[in-house]
Amino acid sequence: MLKTVKTLINVLFVLYLAMVLFFCFYKFSSTGIDLGNYFLGIRLDRYAHFIMFFPYPFISWLTFRHAVSSAFMRKHAVVLTVITGLVFAGATEILQDLFFKSRQGDVLDFLADSISIVTGTAIIALSGTPIVKFIDSKFSRTDNEIL
């Protein structure tokens with residue numbers, strides 16, 4: 001894989017993590033956004049957590065599988081995606097509880113994060129490699145195609 005693609009994947013991963021941390025620690029009460037309301041019996045905050053963590057497996061798997069030089073990480077990208085995702089989700093809830101008076105850690109938020117991470121990882125486990133191979137085949141050129 002091209003070095004620029006690897007760099008792009010790593011940059012996107014870091015930007016995504018920074019965005020999630022911002023949304024986890026920002027005090028939304030000052031914005032007028034009320035995530036305490038319910039839709040279909042589930043607090044809107046849980047939907048926000050699900051949506052916020054859903055991209056994690058995709059960008060994490062790409063990073064482990066295609067943007068790192070460790071053969072171990074490439075081989076175990078799916079397992080590492082689940083483990084690091086759950087640790088990241090748990091850490092955000094613990095840090096909210098410990099360091100931010102305006103935010104508090106919530107087991108149900110962690111549950112929403114976890115369901116999102118497991119759902120995304122299941123999609124990756126079933127279709128990630130075939131999709132990447134398909135995309136590579138469409139963008140890769142052989143010498144015969146160039147002539």
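For the reader, a short list of remarks on this structure follows.
- Pick from region 27-50, criterion in a helix (DSSP H, G or I), small (Gly, Ala, Ser) and open to solvent by 60 Å² or more (accessible area, probe 1.4 Å), ranking: nearest to Leu86 (Cα to Cα): Ser29
- Just one of the numbered conditions (1) of a type outside the set (Asp, Glu); (2) loosely packed, with under 13 Cβ neighbours inside 10 Å; (3) part of a helix (DSSP H, G or I) is not true of Leu108: (2).
- When Leu40 is tested against the conditions (1) in contact with a helix residue (DSSP H, G or I) (Cβ under 8 Å, 6 or more places away or on another chain); (2) over 30 Å from Lys133 (Cα atoms), the lone failure is (1).
- Selection count where residues are open to solvent by less than 40 Å² (accessible area, probe 1.4 Å) and either in contact (Cβ under 8 Å) with a residue 40 or more places away in the chain or in a helix (DSSP H, G or I) (or both), scope region 92-105: 3
- Number of positions in region 3-26 that are open to solvent by 90 Å² or more (accessible area, probe 1.4 Å) and under 19 Å from Ala112 (Cα atoms): 1
- Criterion: in a helix (DSSP H, G or I), of a type in the set (A, V, I, L, M) and either touching a Gly at 6+ places or on another chain (Cβ under 6 Å) or modelled with pLDDT under 90 (or both) - qualifying residue of Val79, Val87, Val118, Val132: Val132
- Filter result (open to solvent by 20 Å² or more (accessible area, probe 1.4 Å), within 16 Å of the chain's Cα centre (by Cα) and within 19 Å of Leu126 (Cβ to Cβ)) within region 51-82: Phe54, Pro55, Phe58, Ile59, Leu62, Phe64, Arg65, His66, Val78, Val79, Leu80, Val82
The values are calculated or read from the model by the stated rules, or taken from the named source; none is laboratory data. Quick caveat: nothing in here was measured; it's all calculated off a predicted structure. All Cβ positions, even for glycine, are placed from backbone atoms using ideal geometry, and neighbour counts span all protein chains on display. Heavy atoms of the whole protein, side chains included, go into the accessibility calculation; ligands, DNA and RNA do not. Shrake-Rupley method; radii C 1.70, N 1.55, O 1.52, S 1.80 Å.
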